[in-house]
1. Relative to the longest principal Cα axis of chain A, at what angle does helix A:29-82 sit, 0 to 90 degrees, rounded to 10?
2. What are the extents of the Cα atoms of segment A:1-149 along their three principal axes, listed from largest to smallest and rounded to whole Å?
3. Any idea what angle helix A:91-105 forms with the longest principal axis of chain A, computed on alpha-carbon atoms, 0 to 90 degrees, nearest 10?
4. Go ahead and collect, in residue order, the members of segment A:76-90 whose backbone nitrogen is under 15 Å from a label point 7 Å along the Cα-Cβ direction of A:Asn173.
5. For each of A:Tyr135, A:Tyr105, B:Tyr122, count neighbouring Cβ atoms within 10 Å of the residue's Cβ, then give the residues from fewest to most.
6. For chain A, what percent of Cα pairs sit more than 38 Å apart?
7. Can you give the three extents of the C-alpha atoms in segment B:23-143 along their principal axes, from longest to shortest, in whole Å?
8. Under the Kirkwood approximation applied to all pairs of distinct alpha-carbon atoms, what is the hydrodynamic radius of segment A:395-511 in Å?
Amino acid sequence: MYNGEKRRSSYLMLFIKNRIGTVLIFSVMPLILVSGIILYQFKASHYEKIHAHLGTLVKKHKQNIDSFLNEKLGDIHFIAEIYSFHELGNETFLKEKLETLQQAYGPVFVDLGVVNSHGVQVAYAGPFKLGKAVYSDADWFKEAMKREYVISDVFLGLRGLPHFIVAVRKSVNGDQWVLRATIDFAAFNDLVENIRIGETGFAFILNKEGDFQTKPLMDVIPEKGPYMDLLESDTKEEVQIVEKEDELSGNNIYVSAFLKNGDWLLVYQQKASDAFSAFTKALRVSVIIIILGSIGTIALAFVRFKNMAHHMEKAEHERRLMNEQIIETGKLAVVGELAAGVAHEINNPVAIMVEEAGWIEDLLEEEEFKESENIAEFRRALKQINTQGKRCKEITQKLLSFARKTDSKIQEVQINELIEEIITLSAQRAKFSNVTIGCQLQDGLPVIQGAHTELQQVLLNLINNALDAMEKGGGTIDIKTRLNKDHIVVEIADNGPGIASANLKRIFEPFFTTKPVGKGTGLGLSICYGIMKRLGGDIEVQSVIDKGTIFRINIPLKKYIGEKQDLIM
Amino acid sequence: MNKKQNILTVKDAGKSEIENEQERIELLLVDDESGFVDVMIKRMAKRNIHVTGALSGTEAVQILRKNDFDAAVLDLKMEDINGIEVLKIMKKMVPMMPVIMLTGHGSEDAAKEGLECGAFDYLTKPYDLETLIKTIMKAVRQRR
C-alpha cells in the first residue's frame, strides 16, 4: 500500500515535471523574451541618450575652456599690441594694467611680466617678489620664442604653486620681447570642477604627457584607464566616448575632447552604473517582475496540474477498478460454479458418514458393547464425527447460498428500518468490542424490492466483518444511506486497520479469508456479493491501510427483472 | 392406536419408547446413494421401521407395483428421472401414501412444486435422523 502511494506520488511528480517544462516554455519564456527585447531597446536608446548628453556637456565645456583661454590670451595680446615695450617696462604702468585686468575679470590674472629676448624679466607686477627673474630655461619661454602665442601647461615654477602662463611675443626693431601673465589655477580649476553629474561624474584636464592640468575630484591614476589611448587617438570627432572596465573603480564611461589645439585633453569620467542608473533601475524592476511573474505562473501551473493529475489518477483508478470488477465477476462465476458443484457432491457422502456414525451409536446401545471399557471414548469420537458433519453441512449451505438463488420471498423493504434493526442486533457485540456505530440515514428513501433476510444477511455480514477488524483496538462504524438516481447507496465505513491491496483483490472470492483456520469460512463476502448481484445491485470496497475500509452497496429501486434462474448454476 | 398417539404426542419421546411401542412401519426410501440407503435400512430397523430401498425412480415404481407402504421418502435429485416426475407417478399409483421429499439446500423451489403435487412435507439434506423419523410418524399418523 505504501509502495503504491510512493509510486503514485512519483507518477504525479513526473506528470507535473513534464508539464511544468511546457508551461515554462510557453508562458515564462515569452515573458522573458519580450522583457528582454524591450530592455535591450531601452538600453540602446538610453545609452545613446546618455552618450549624447555627456557628449554635449563635454563639448560645451571644451568650448567654455577654450574660449576662456583664448580670451585671456586675447587680453594679453591686446595689451602687448597697443602698449610699447618701454611703456610696459615701467612697473607702475604694468601694475596699472594688471589692476585694470583684475577689475574686468576678477582675480584670474595673478601677475604680469615683461621678459626680454634673453629671458630676463625686465618688469613685473604682482604679489610675488620675482624681480629680475630669468626664464631663459623655462619651457613656456622657449615655446614663446618659437611661436607668437603660448599657453603653458600647469607647472609649479619659481613660486612653488601650480599655475600656468599665457604669453605673447612681440618684436621691436628686430628685438624680441614677451608679455606674460599668470592665470590663477583655482579660477581655472573651478571651470572644470563645475562639471559634475550624478554621484560619480567629474572632469579634469590632462596634457599631452598625461599630467594633470586641473585637480581631479577623485583619485585618478593617469597610467591606468584609457587616458593614454584617448590622448594618442587621432580621431576627427570632436568628442570621444569610451567605456572601460577597470579593477579599481569598475565599469566607467569616459568622455574626452581635445582643448588648446590638441595640447590638452578634457576628460569627463563617470561610473557606468551611475550614468545609466535609470536603466539599472528599470532592469531591476523588470527582473523582479519577471521573477514574480514566473513564480506566479509556475505556482499556478503546479496547482492546476496537481489537480489535473489527481483527476486523471482518479479516473485511471476507477478504470482499473472497473476492469478488476469485470475480471472478478468472471472469476467468481467460475469459482462459484465449482464450489457449488463440490458442495452439492459433498452433501451425500457427508450424510452417509453421519448416518454411519449414528448407526455405530445405535449399536453401542446394545448390551455387549455397554461393558466395553472404551465406550466413553467411542461416544466422544462419534459425537465429534457428528459435529464435524454438521460443520460440513454449514459450509456447503453457505457455498450454495452464494452460488444459487435461494428461495427468499421478495417483498418491500425499507432499508433505513432494516439498518436500525441490524444496529440494535449488533449493539451488544459492538459494546463488547468498544466500537461505536453511528448512522446518517437519508430520510424518505423509497422502499426497495428484495428479500428481507438476504439484505439483512448482507448488512449483518459487513458490520460483523468491521467489528471483527476492530475487535482489538475499538473504533467507529458509520453507516450512511442516500438516494443516487435509481439506486440506494448504503455505505458502511469503519476506521479499522484497513485491508492490504493484495487481499482487497481477492476479497469476494469464496474461501478467501484472513481469519485463522476454523474462525471464518471465507464465504461471508462471497455470499454478500452473490446476493447483491442477484438483486441487480453491486457491492464495492475501498480500503486504506491504517485508515479504514468502506463497503458500498448499491441497491436498485426497480425490482430486478432478471431470469428466475440461479445466478450461476 | 390410541396408545401410539399418546406416545407420539409426548414431547421428546425417547428412542426406546418408539422402538418398543410403535407398530411396525413399512417405508419406501428412494435414493440413488446406495451407501445412504444401506445405513438407513439398518438404523430405521432399530426404530421399528422397515425400509425398502430403491436406488432409482424406475426401481421405486417397480417396487410400488408389488408392495404396500405406510409412507415413502423421496430424494428429489436423482440421475434417471426428475424427482418431481417420480412423485407424480407415485401419487397416481398410491394417492393415499404420504411422500416426504429430501432436497438439497437451495432447491426449495422444487420442494414447493412437490408440495403442490401432493407431497406431505420436505426436509433439507443433510438432516437429523430424529427429525426424519418424527416427520414420518406425523405422516403415518395423519394417513391412518
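Readers should treat all values here as calculations from the given coordinates under stated rules, not as data from a laboratory. Just so we're clear, the structure is a prediction, and the values are computed from it rather than from any experiment. Cβ: placed from backbone, ideal geometry, glycine included. Neighbour counts: every protein chain shown.
1. That helix lies at roughly 10 degrees to the long axis.
2. 118, 30, 28
3. That helix lies at roughly 30 degrees to the long axis.
4. Within reach of a label on A:Asn173: A:84-87.
5. A:Tyr105, B:Tyr122, A:Tyr135
6. Counting pairs separated by more than 38 Å, the tail of P(r) holds 64 percent.
7. Extents along the principal axes, in whole Å: 33, 30, 29.
8. Result for segment A:395-511, one decimal place: 15.6 Å.
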